[in-house]
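Quick notes on the structure that follows.
The values are calculated or read from the model by the stated rules, or taken from the named source; none is laboratory data. All of these numbers come straight from a predicted model, not from anything done at the bench. Cβ: placed from backbone, ideal geometry, glycine included. Neighbour counts: every protein chain shown. All accessible areas refer to the heavy atoms of the entire protein, side chains included, with ligands and DNA or RNA removed. Shrake-Rupley method; radii C 1.70, N 1.55, O 1.52, S 1.80 Å.
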Amino acid sequence: MRRTTALAMTAPALGLVAALTLAPPASAGTATTHASLQPVNDHNAAGQAFVDVKGNKITVTMAAHGLVPDQPHAAHIHFGAEARHECPVMADDTDGNHHISTTEGAPAYGPIVVSLTTFGPTDPGSGLAIDRFDTAPGGTLSYQRGQIKVSQDIAKAINEGQAVIVIHGVDHNGDGTYDGAAASDLDPSLPTEATDPALCGAIR
Ligand SMILES: [Cu+2]
């Protein structure tokens, strides 16, 4: 009798513990989002990204392969209220050179709102801080950074599926490095290969 009573009292308690353990945290503004990274200009590349949003802090995890090896790959979260909240398509190639530049992609994904640097500031001003981005050793990029502070508007945009992850840096002429006569639309001191989008994924 004593054992039965103990079990009768324990079972609901265990059920409560299980429910608390399994349920997602109840605080508002918490979400895990995902982006499947698809090639923009670099058809050999692919990847995945996850963005955990907790209030106004995010954790970004990215894995990609097939990138230009051992070259800095600027990576950002892009968002613009007026943007289409998606990745560019060939119709966005307004100069008709068969490549999508970062500027040509802007109507799709908007401006840089978070720079996914490996250390230091993550603000838009770090967008081309080439010495602070992953270099994709052997073409493989593996990135995780937590505690990235974002504004309420950006957290909301990510939670609502309006933000886009872009990894930049391609090798149009296939010589293994960033070069060529065409200058970057973002920084004329860099070749366009250094900044053209390689991978893009809408965060859903
Ligand atoms: Cu970008």
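Ranking of Ile167, Ile154 by solvent-accessible surface, largest first: Ile154, Ile167 (1.4 Å probe, protein heavy atoms only, all chains present).
Where only protein heavy atoms count, and the probe is 1.4 Å, what is the accessible area per residue for region 138-182 in Å²?
About 48 Å² of surface per residue is accessible.
Averaged per residue, what accessible area in Å² does region 60-113 show with a 1.4 Å probe, protein chains only?
About 42 Å² of surface per residue is accessible.
Rounded to the nearest whole Hz, the Karplus-based 3J(HN,Hα) values (6.51 cos²θ - 1.76 cosθ + 1.60, θ = phi - 60°) of region 135-150 follow the sequence 9, 6, x, x, x, 9, 10, 9, 9, 8, 8, x, 6, 7, 7, 10, with x at glycine and proline. Across the chain, Cα pairs under 8 Å and at least six residues apart give a relative contact order of 28 percent. Rounded, prolate or oblate, given the Cα gyration tensor of region 60-161, with a/c below 1.5 counting as rounded? Oblate is the answer for region 60-161, as a/c is 1.5 or above yet b/c matches or exceeds a/b. Remark on Ala46: its backbone amide H falls under 5 Å from those of His65, a criterion applied only to residues 5 or more positions apart or on other chains, H modelled at 1.01 Å from N.
Expressed in Å, the radius of gyration and Dmax of the Cα atoms of the chain are 21.1, 87. The distance between label points at Arg145 and His98 comes to 3.5 nm (points 7 Å beyond Cα on the Cα→Cβ vector). Which of the three applies to region 162-204, rounded, prolate or oblate, going by the alpha-carbon gyration tensor with a ≥ b ≥ c and a/c under 1.5 meaning rounded? It comes out oblate by the Cα gyration axes. Measuring between their Cα centroids, region 133-204 and region 40-115 lie 5 Å from each other.
Largest accessible area first, the residues Arg84, Arg204, Arg132 order themselves as Arg204, Arg84, Arg132 under a 1.4 Å probe with ligands, DNA and RNA left out.
3J(HN,Hα) along region 61-78: 10, 9, 9, 8, 9, x, 7, 4, x, 6, 10, x, 10, 4, 9, 9, 9, 10 Hz, from the Karplus curve 6.51 cos²θ - 1.76 cosθ + 1.60 with θ = phi - 60°, whole Hz, x for Gly and Pro. The listed peptides 111-123, 90-102, ordered by packing as a protection proxy, come out as 111-123, 90-102 (highest mean of other Cβ atoms within 10 Å first).
Helices that extend 18 Å or more along their long axis by alpha-carbon positions and average at least 0.5 on the Kyte-Doolittle scale are, among the DSSP H runs of the chain, 2-22. What is the percent carbon and sulfur in the accessible area of the chain, measuring with a 1.4 Å probe over the protein chains and ignoring ligands? Taking all protein chains in place, the chain shows 59 percent carbon and sulfur surface.
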